[in-house]
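Take a look at the structure below.
Rule-based calculations on the coordinates, nothing more; no lab input. Note that the structure is predicted; figures quoted are calculated from it, not measured. Cβ: placed from backbone, ideal geometry, glycine included. Neighbour counts: every protein chain shown.
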Amino acid sequence: MSPIEIYIVLCIILVAGVWLWARKIKREIHEAESIIREALNKIVFMRVENHNDLLFAYNAFNEEFICQGTDLEDLNIQFGKRFPDRRGVIVEPEETTSVL
């Protein structure tokens with residue numbers, strides 16, 4: 001086998017290896033995206049307003065009303081009644097969060 005033929009075979013092997021590796025990485029990225037999407041579907045990001053000693057929780061993305069309560073504990077109970085399989089995260093303008 002001549003040096004050119006060896007070089008061509010090595011190049012073909014290299015290209016095939018890179019192609020297989022790229023497919024594996026793409027599959028792993030797709031799996032990770034699915035896991036992240038699943039986790040985010042179980043979280044509700046909320047903002048809370050205080051009016052007349054009542055707390056009103058709204059979806060932080062679409063401003064949909066979520067629940068109301070007299071304090072954070074009551075808000076947590078009301079949230080749990082409406083979304084028993086989800087978690088609420090209060091997002092405040094100061095960029096601090098509190099998990100219900």
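Only one item in [x] 55, 12, 8; [y] 34, 12, 10; [z] 21, 16, 13 matches semi-axes √(5λ) of the Cα gyration tensor in Å derived from the coordinates shown, and that item is [x]. In a simple Cβ point-charge model (Lys, Arg +1; Asp, Glu -1; nothing else charged), the chain has a dipole of about 740 debye relative to its Cα centre.
Couplings for the range 62-73, taken from phi via the Karplus curve 6.51 cos²θ - 1.76 cosθ + 1.60 with θ = phi - 60°, read 10, 6, 5, 5, 10, 6, 9, x, 7, 8, 5, 5 Hz in order; Gly and Pro are left as x.
Over the range 1-41, the reciprocal of the mean inverse Cα-Cα separation, the Kirkwood hydrodynamic radius, stands at 12.5 Å. Amide H contacts under 5 Å for Ala60: Phe45, Met46, Arg47, restricted to partners 5 or more places along the chain or on a different chain, H placed in the peptide plane at 1.01 Å from N.
Can you give the charge dipole size of the range 36-88 about its Cα centre, rounded to the nearest 20 debye, using +1 on the beta carbon of Lys and Arg and -1 on the beta carbon of Asp and Glu?
Working: 7 positive and 9 negative charges, 69 e Å.
Dipole magnitude for the range 36-88 comes out near 340 debye.
What number do you get for the range 42-99 when its Cα radius of gyration is normalised by 2.2 N^0.38 Å, N = residues?
On the way: Rg = 10.4 Å, N = 58, 2.2 N^0.38 = 10.3 Å.
Taking N as the residue count of the range 42-99, the ratio is 1.01.
Positive end of the dipole of the range 24-72 (Cβ unit charges, origin at the Cα centre): among Asn62, Asn41, His51, the Cα lying farthest that way belongs to Asn41.
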